[in-house]
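Notes follow the structure.
The values are calculated or read from the model by the stated rules, or taken from the named source; none is laboratory data. Here the structure is a predicted model, which means the values were calculated and not measured. For neighbour counting, all protein chains shown are included, and Cβ atoms are generated from backbone atoms with ideal geometry for every residue, glycine included.
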Amino acid sequence: MSLLTILEFPDPRLRTKAAPVTVFDAQLKQFVADMFETMYAANGVGLAATQVDVHQRVLVIDMSDERNQPLVLINAEIVEKDGAQVYQEGCLSFPGLYADVTRALKVKVKAQDADGKEFFYEAEGPQAVAVQHEMDHLAGKVFVDYLSPLKRSLLLKRLEKQRKQAASA
């Protein structure tokens with residue numbers, strides 16, 4: 001396994017729309033394993049292939065404290081949404097930044113596993129947020145797109161300030 005490089009905003013590659021996965025092979029399984037290793041090393045709960053500059057519809061999530069509930073969704077599509085919730089989101093492509101985002105409370109997705117087998121997955125609450133957040137990455141969207149222009153501007157200025165401080169440290 002190997003760690004992958006996570007792209008950080010405003011890298012234009014984060015806006016790339018991912019293509020469906022058509023080949024389910026050992027290389028895909030290795031990529032999924034590398035994505036989990038990268039996400040765990042970065043202390044994240046979700047990671048989309050777009051964030052590591054692979055533009056295929058693959059995402060991984062594990063919100064468990066023990067890091068023992070890995071979820072892989074390939075070619076995921078939301079087939080049902082219900083309710084609404086506001087949740088404070090963060091993102092590995094926006095290190096250290098968080099903002100309240102409104103999303104569906106419950107989602108049902110149709111996806112494939114790493115073997116290409118189709119299945120349905122239902123998520124609610126924070127898990128539903130994670131699924132929607134990572135699926136957005138695969139469509140070239142990032143969570144700050146949901147913010148007002150003013151909030152987005154303030155957040156991005158904070159990100160720039162953090163980067164300057166880190167560079168001079």
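Among the residues that make up the range 1-11, is at least one of them at pLDDT 95 or above, part of a helix (DSSP H, G or I) and closer than 23 Å to Met63 by Cα?
no
Only one of Thr22, Thr5, Thr38, Thr50 is in contact with a His (Cβ under 8 Å, 6 or more places away or on another chain) and β-branched (Val, Ile, Thr); which?
After applying the criteria, what remains is Thr50.
Name the single residue that is farthest from Ala128 (Cα to Cα) among those in the range 60-70 being in contact with an Asp or Glu (Cβ under 8 Å, 6 or more places away or on another chain) and surrounded by fewer than 15 Cβ atoms within 10 Å (Cβ to Cβ).
Asn68
Return the pairs, sorted by first residue and then second, in which the second residue is part of a loop (DSSP other than H, G, I, E, B) and surrounded by fewer than 16 Cβ atoms within 10 Å (Cβ to Cβ), the first residue lies in the range 53-67 and is charged (D, E, K, R), the beta carbons are less than 9 Å apart, and the residues are 6+ apart or on different chains.
From residues that are charged (D, E, K, R), the pairs are Asp53/Thr5; Asp53/Asp11; Arg57/Pro20; Asp62/Asn68; Asp62/Gln69; Asp62/Pro70.
Please verify whether Tyr146 is without any contact (Cβ under 8 Å) to a residue 60 or more places away in the chain, out of contact with any Phe, Trp or Tyr (no Cβ under 7 Å at 6 or more places or on another chain) and under 27 Å from Asp25 (Cβ atoms), treating the condition exactly as stated.
Numbers: without any contact (Cβ under 8 Å) to a residue 60 or more places away in the chain: yes; out of contact with any Phe, Trp or Tyr (no Cβ under 7 Å at 6 or more places or on another chain): yes; under 27 Å from Asp25 (Cβ atoms): no.
No: the conditions fail for Tyr146.
Among the residues in the range 71-80, are any within 21 Å of Glu124 (Cα to Cα), at pLDDT 95 or above, buried (at least 16 other Cβ atoms within 10 Å of the Cβ) and polar (S, T, N, Q)?
yes
Considering the range 15-30 alone, what residues qualify as being in contact (Cβ under 8 Å) with a residue 60 or more places away in the chain, within 17 Å of the chain's Cα centre (by Cα) and either farther than 17 Å from Thr50 by Cβ or part of a loop (DSSP other than H, G, I, E, B) (or both)?
The answer is Thr16, Lys17, Ala18, Val21.
Could you please find all residues in the range 84-114 being surrounded by fewer than 17 Cβ atoms within 10 Å (Cβ to Cβ) and in contact (Cβ under 8 Å) with a residue 60 or more places away in the chain?
Across the range 84-114, the qualifying residues are Pro95, Gly96.
For residues that are over 15 Å from Leu154 (Cα atoms) and among the acidic types (Asp, Glu), scanning just the range 89-114, find the one that is nearest to the chain's Cα centre (by Cα).
It comes out as Glu89.
Filter the range 131-154 down to residues that are over 27 Å from Ile74 (Cα atoms) and among the small types (Gly, Ala, Ser) and give me whichever is surrounded by the most Cβ atoms within 10 Å (Cβ to Cβ).
Per the stated criteria, the residue is Ser153.
With Lys157, Lys117 as the choices, which residue is within 30 Å of Thr22 (Cα to Cα), free of Cβ contacts under 8 Å to residues at least 24 places away in the same chain and exposed (fewer than 15 other Cβ atoms within 10 Å of the Cβ)?
Lys117
Would you check if there is a residue in the range 47-59 being among the basic types (Lys, Arg), closer than 20 Å to Asp115 by Cα and buried (at least 19 other Cβ atoms within 10 Å of the Cβ)?
Yes.
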